[in-house]
Amino acid sequence: MFASLTAASGQRTGLAVVWSMAVSGCAGSQSALDPAGRAADRIEALFWWMCAGASIVWLAVVGLAIWATKAPPREHSSRGARTLVVGGGVVAPVIVLGGLLGYGLALLPDLLAPAATGGPRIVVTAEQYWWRVRYESATGEHVDVANEIRLPVGRASEIGLESHDVIHSLWIPSLGGKVDAIPGRHNRIVLEPTRTGTFTGLCAEYCGTSHAWMQLSVVVVEDDEYATWLASQAQPAALPDDPIASRGAELFVADGCGACHAVRGTRADGVVGPDLTHVASRLSIGAGRTSRGPEALELWIHDPAELKPGVQMPAFHMLPSADITAIAAYLESLR
Ligand code: CUA
């Protein structure tokens, strides 16, 4: 008896482990089944309705197949066969798929409705392989950030989507649907986060070698925290007080980094690569490739392609390692 009790409890533990593994796959910062936005809520509901529709069709087909193998052999009337083919092959699919299509189409106007004016104006440009995020003010000024979007909770923010090279696709599963960034077109997506947190976005369309390393963090914060963050990002870069970082600031311009990267408030005003004015306030480098820090920055400067194949930034391994350390220290001071 003891043995059978142990076996039963072992079985229950096993089932619990399998169940928790299955369900934990649905949670987290990058799950369409753990919505944190108004559009994602609707899309999750659509997913479950589609699941229900698919389950009904699957159960009916499997039920019929089992019935066909178990039923005693008898002669079929051609009328009965026709009813089955027309009913199961035409009428039932039209009702189920038509219902799901109608439900899905009815969601679209609401998902694409323009956000009320007054919210942040954000343009995300997909690059190979990172995201340029531009916050525009009503007066035409802008603040550039990279691979990170901050959004105020409870407000609809409209995001314009552009690309200059190939087709990319922005998808932040927890917040909404995916929309392509297509060269020559201006697409848009409206995101209305319903809770605060950090969510992961990604490129959902194969765009080249480092397509899989094209992540984006979406940090949803309260209104006042958002305003504080945007104001601090709009500030020019602070001058470093540490002597090594100060030398790094000089090297950054002397070694040509400023030809591609901008650091507002300095002579570096390149527009090819990410704006680095407040790079040390970001969560990662290389569009989610690695977490930030002096060592990671040194590795990146030494040879970016080692971390991210296909990256357009050239390697700077010809620089003395003390210079690379100084430039990394400078970048780490740009909070
Ligand atoms: Cu960009 Cu895939």
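Do you know which residues across the stretch 150-176 are of a type in the set (A, V, I, L, M, F, W, C) and under 17 Å from Asn187 (Cβ atoms)? So that I can check it myself, show each step before the final result.
Of the stretch 150-176, the ones of a type in the set (A, V, I, L, M, F, W, C) are 151, 153, 156, 159, 161, 166-167, 170-172, 175.
Scanning the stretch 150-176 gives Ala156, Ile159, Leu161, Val166, Ile167, Leu170, Trp171, Ile172, Leu175.
Which numbered condition trips up Glu75, out of (1) at pLDDT 85 or above; (2) farther than 30 Å from Glu158 by Cβ; (3) among the acidic types (Asp, Glu)?
With (1) at pLDDT 85 or above; (2) farther than 30 Å from Glu158 by Cβ; (3) among the acidic types (Asp, Glu) applied to Glu75, the lone miss is (1).
Which members of the stretch 134-160 meet the condition of being away from the ligand (no atom under 16 Å from the Cβ) and not in a strand (DSSP E or B)?
Ser137, Ala138, Thr139, Gly140, Glu141, Val153, Gly154, Arg155, Ala156, listed by residue number.
Test Val253 against the criterion of being more than 16 Å from the ligand (Cβ to nearest atom), more than 24 Å from Ser284 (Cβ to Cβ), in a helix (DSSP H, G or I) and of a type in the set (Val, Ile, Thr), and give yes or no. Don't jump to the end; show me each part of the working.
On the way: more than 16 Å from the ligand (Cβ to nearest atom): yes; more than 24 Å from Ser284 (Cβ to Cβ): yes; in a helix (DSSP H, G or I): yes; of a type in the set (Val, Ile, Thr): yes.
In short, yes.
Within the stretch 44-90, track down each residue that is surrounded by 12 or more Cβ atoms within 10 Å (Cβ to Cβ) and aromatic (Phe, Trp, Tyr).
Phe47, Trp49 - these are the residues of the stretch 44-90 that are surrounded by 12 or more Cβ atoms within 10 Å (Cβ to Cβ) and aromatic (Phe, Trp, Tyr).
Of everything in the stretch 195-217, what is more than 8 Å from the ligand (Cβ to nearest atom), farther than 11 Å from Trp130 by Cα and outside any strand (DSSP E or B)? Give them in sequence order.
Arg195, Thr196, Thr209
Which members of the stretch 161-177 meet the condition of being buried (at least 16 other Cβ atoms within 10 Å of the Cβ) and away from the ligand (no atom under 11 Å from the Cβ)?
Leu161, Glu162, Ile172, Pro173, Ser174, Leu175, Gly176, Gly177
When the stretch 277-335 is examined, which residues are found to be touching a strand residue (DSSP E or B) at 6+ places or on another chain (Cβ under 7 Å) and among the small types (Gly, Ala, Ser)?
Ser284, Ala287, Gly288, Ser291, Ala296
For residues that are touching a Leu at 6+ places or on another chain (Cβ under 8 Å) and within 16 Å of the ligand (Cβ to nearest atom), scanning just the stretch 183-194, find the one that is nearest to Pro114 (Cα to Cα).
Ile189
State which residue is surrounded by the fewest Cβ atoms within 10 Å (Cβ to Cβ) when the search covers only the stretch 263-301 and only residues that are assigned to a loop (DSSP other than H, G, I, E, B) and among the hydroxyl-bearing types (Ser, Thr, Tyr).
Looking at residues that are assigned to a loop (DSSP other than H, G, I, E, B) and among the hydroxyl-bearing types (Ser, Thr, Tyr), I get Thr266.
Which of (1) in contact (Cβ under 8 Å) with a residue 24 or more places away in the chain; (2) under 39 Å from the mean Cα position of the chain (by Cα) is the odd one out, the single condition Leu33 does not satisfy?
(1)
Do any residues in the stretch 180-191 that are touching a residue at least 60 places away in the same chain (Cβ under 8 Å) have Cβ atoms under 6 Å from those of residues that are not in a strand (DSSP E or B), where the two are at least six apart or on different chains, and which pairs are they?
Listed pairs, sorted by first residue: Val190/Ala115; Val190/Ala156; Leu191/Leu175; Leu191/Gly176.
Consider Gly102 against the criteria (1) in a helix (DSSP H, G or I); (2) at pLDDT below 90: it satisfies all of them except one. Which criterion is unmet?
(2)
Since Pro120 meets every condition but one in (1) more than 16 Å from the ligand (Cβ to nearest atom); (2) at pLDDT 85 or above; (3) within 21 Å of the chain's Cα centre (by Cα); (4) not hydrophobic (A, V, I, L, M, F, W, C), which condition does it not meet?
Of (1) more than 16 Å from the ligand (Cβ to nearest atom); (2) at pLDDT 85 or above; (3) within 21 Å of the chain's Cα centre (by Cα); (4) not hydrophobic (A, V, I, L, M, F, W, C), only one is false for Pro120: (2).
Within the stretch 163-194, which residues are in a strand (DSSP E or B) and either of a type in the set (S, T, N, Q) or under 15 Å from Val218 (Cα atoms) (or both)?
If we filter the stretch 163-194 for residues that are in a strand (DSSP E or B), which is where we start, we get 163, 168-171, 179-181, 187-191, 193.
Correct list: Ser163, Ser169, Leu170, Trp171, Asn187, Ile189, Val190, Leu191, Pro193.
The values are calculated or read from the model by the stated rules, or taken from the named source; none is laboratory data. Keep in mind that what you see is a predicted model, and the values were worked out from it rather than measured. Every residue, glycine as well, gets a Cβ built from its backbone with ideal geometry; the counts of neighbours run over all protein chains shown.
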